[in-house]
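Engineer: One structure coming up, written as structure tokens, with questions to follow.
The values are calculated or read from the model by the stated rules, or taken from the named source; none is laboratory data. Only a predicted model underlies this, so the values are computations on that prediction, with no experimental measurement involved. Using ideal geometry, Cβ is built from the backbone for each residue, glycine included, and neighbour counts are taken over all protein chains shown.
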Amino acid sequence: MYHVKCKQCDHKVDKDPIGGVCPVCEELIEFQYSSKWDTSESYQSMWRYNNLLPIQDKQNIVSLGEGKTPLLKSNVHFGSNIYLKDESRNPTGSMKDRAMSVAYSKAKELNIKRSIIISAGGAGIAASAYASRAGIENVILIPPGVSQERIMAMQIYGSEIIEVQGNIEDCLEVAQEMVNKYGWYETSTYKKANPYTIEGPKTIAYEIFEQLEEIPDYIFVPVGGGGTLTGIWKGFNELKDLNQINYIPALVGIQNTNFNGLEIALRKGYTKDNELHLIDIDSSLPTVTGAIRHSYVPDGEEALEAIRNSGGKVVTVDDEEAMEAQKMIADTDGLFVEPSSAIPLIAYQKMLNNNEISSDKKAVLILTGSGYREIATTLKYHGQEPKKFKTEECFNYLLSKDKQHS
Ligand SMILES: [Zn+2]
């Protein structure tokens, strides 16, 4: 059971809104639930929380088994209370599957025939998979410079990929025209475009609460568009409203040093979307953290609210540190995540070194996506030729290793 309200003027909005802004005052809307906390549902996916998701009829759920990802205690030497939420286990290898499962379930509920999304990465791949599952024709607008491996991953599920020769603003113009004039359904993962996409990642908070059986002190989340961080914050707030927890963990957002819009906004005391638009970031700079390469943070307004209200902060990490973190997580924890997903570990380490966090505090790092989606980048930094031996040499080499350990 849910209803939809404007966060600013309390206007009661239609139950199935298209777009995330209030028709009266144009501020952001919000889904609110009157359901109880109920974990008795048998779904083997995040849909076990379906009574806290904005779908009216369970028959319309479009699922590929997203969510229910493991929470693993990390082995890294500098922290004994670090937990890794491994979102790379989702159907297309990223947490975006949670957002798309909700967005396309609603699309099915509204009998939508065509969807469109602007994406350079994970959201596009997830949208393509869920559109295919829902039987909906999908178009993905990409800016120039998206890698072949990502384009292939979007194409394989049958979406049409169009590179818009310009920048992200040009992509926005095309998508808005198709939505406003021709009724296409946009699934870009920010609230103004599609409010349902924020409801998916909040289930990460529910799962952490159930898996840890308590509330961590910190949640570390890489920030691209800001929707995942905002969603997780909403999840914890709902748990608090449902009397399941009595405090909200501090949310730490992590950005790339060169794509640090949220960090600048926090420093300057910005709170509104129009202020976020003023921040000038060079979107042409190359980076290994492609999944969070945003020159503007579309869900920044709510992400800033989440960070400020929870007592969190924004930490920035450069490309070298991201690659180092990727190797560290693979070496010590056995998880191969993409560089942009590994950066929470470096952020944690930086805060520890600056005495901004103590090692007895429980921290959950959200590992947002799989390393198998960034093979080319990883190969460039970490790829090594294997040793090559003839048979006899191989025996000798292995025996020398054997002696070292006995
Ligand atoms: Zn309003």
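Engineer: Give the residues of the stretch 1-10 that are part of a strand (DSSP E or B) and either loosely packed, with under 13 Cβ neighbours inside 10 Å or within 8 Å of the ligand (Cβ to nearest atom) (or both), sorted by residue number. It would help to see each step written out before you state the result.
Structural biologist: Within the stretch 1-10, the first condition is being part of a strand (DSSP E or B), and the residues that meet it are 2-6.
The answer is Cys6, and nothing else.
Engineer: Among the residues of the stretch 11-35, write down those that are under 24 Å from Ile116 (Cβ atoms) and assigned to a loop (DSSP other than H, G, I, E, B).
Structural biologist: Asp14, Lys15, Asp16, Pro17, Ile18, Gly19, Gly20, Cys22, Pro23, Glu26
Engineer: Suppose we filter Ile136, Ile142, Ile125, Ile168 for residues that are farther than 24 Å from Val297 by Cβ and touching a residue at least 24 places away in the same chain (Cβ under 8 Å); which single one remains?
Structural biologist: Details: Ile142 fails: farther than 24 Å from Val297 by Cβ; Ile125 fails: farther than 24 Å from Val297 by Cβ; Ile168 fails: farther than 24 Å from Val297 by Cβ.
It is Ile136.
Engineer: If you don't mind, there's one more thing I want to ask. Can you find even one residue in the stretch 55-77 that is within 16 Å of the ligand (Cβ to nearest atom) and of a type outside the set (Ser, Thr, Tyr)?
Structural biologist: No - not one qualifying residue is present in the stretch 55-77.
Engineer: Which ones in the stretch 100-150 are more than 18 Å from Tyr190 (Cα to Cα) and either surrounded by 24 or more Cβ atoms within 10 Å (Cβ to Cβ) or in contact with an Asp or Glu (Cβ under 7 Å, 6 or more places away or on another chain) (or both)?
Structural biologist: Glu109, Leu110, Lys113, Arg114, Ala129, Pro144
Engineer: Kindly list the number of the only condition in (1) buried (at least 19 other Cβ atoms within 10 Å of the Cβ); (2) away from the ligand (no atom under 16 Å from the Cβ) that fails for Val13.
Structural biologist: (2)
Engineer: Across the stretch 196-236, what is the total count of residues that are over 19 Å from Gly312 (Cα atoms) and either touching a Ser or Thr at 6+ places or on another chain (Cβ under 8 Å) or crowded, with 24+ Cβ neighbours inside 10 Å (or both)?
Structural biologist: Counting residues in the stretch 196-236 that are over 19 Å from Gly312 (Cα atoms) and either touching a Ser or Thr at 6+ places or on another chain (Cβ under 8 Å) or crowded, with 24+ Cβ neighbours inside 10 Å (or both) gives 8.
Engineer: Now a separate question. Scan the stretch 316-326 for residues that are under 17 Å from Gly369 (Cβ atoms), in contact with a helix residue (DSSP H, G or I) (Cβ under 6 Å, 6 or more places away or on another chain) and assigned to a helix (DSSP H, G or I) and jot them down.
Structural biologist: First, the residues of the stretch 316-326 that are under 17 Å from Gly369 (Cβ atoms): 317, 319, 322-323, 325-326.
Remaining after also requiring in contact with a helix residue (DSSP H, G or I) (Cβ under 6 Å, 6 or more places away or on another chain): 317, 322-323, 325-326.
If the condition is that a residue be under 17 Å from Gly369 (Cβ atoms), in contact with a helix residue (DSSP H, G or I) (Cβ under 6 Å, 6 or more places away or on another chain) and assigned to a helix (DSSP H, G or I), then Ala322, Met323, Ala325, Gln326 are the ones that fit.
Engineer: Taking into account only those residues within the stretch 128-148 that are part of a strand (DSSP E or B), under 20 Å from the mean Cα position of the chain (by Cα) and β-branched (Val, Ile, Thr), which is farthest from Asn111 (Cα to Cα)?
Structural biologist: Just the residues of the stretch 128-148 that are part of a strand (DSSP E or B), to begin with: 137-142.
Checking which are under 20 Å from the mean Cα position of the chain (by Cα) leaves us with 140-142.
Still in the running and β-branched (Val, Ile, Thr): 140, 142.
On the way: Ile140: 20, Ile142: 26 Å.
Ranking the qualifying residues of the stretch 128-148, first place goes to Ile142.
Engineer: Within the stretch 20-54, can you find the residues that are within 16 Å of the ligand (Cβ to nearest atom), of a type in the set (A, V, I, L, M) and in contact with a Lys or Arg (Cβ under 9 Å, 6 or more places away or on another chain)?
Structural biologist: Step one: of the stretch 20-54, the residues within 16 Å of the ligand (Cβ to nearest atom) are 20-32.
Pick out the ones that are also of a type in the set (A, V, I, L, M) and you get 21, 24, 28-29.
Matches in the stretch 20-54: Val21, Leu28, Ile29.
Engineer: Name the one entry in Thr39, Thr69 that is within 16 Å of Tyr206 (Cβ to Cβ), assigned to a loop (DSSP other than H, G, I, E, B), modelled with pLDDT under 95 and of a type in the set (Ser, Thr, Tyr).
Structural biologist: Going through Thr39, Thr69 in turn, just one is within 16 Å of Tyr206 (Cβ to Cβ), assigned to a loop (DSSP other than H, G, I, E, B), modelled with pLDDT under 95 and of a type in the set (Ser, Thr, Tyr): Thr39.
Engineer: Here is a further query. Hey, Glu169 hits all of (1) within 25 Å of Ile375 (Cα to Cα); (2) surrounded by fewer than 18 Cβ atoms within 10 Å (Cβ to Cβ) but one; which does it fall short on?
Structural biologist: (1)
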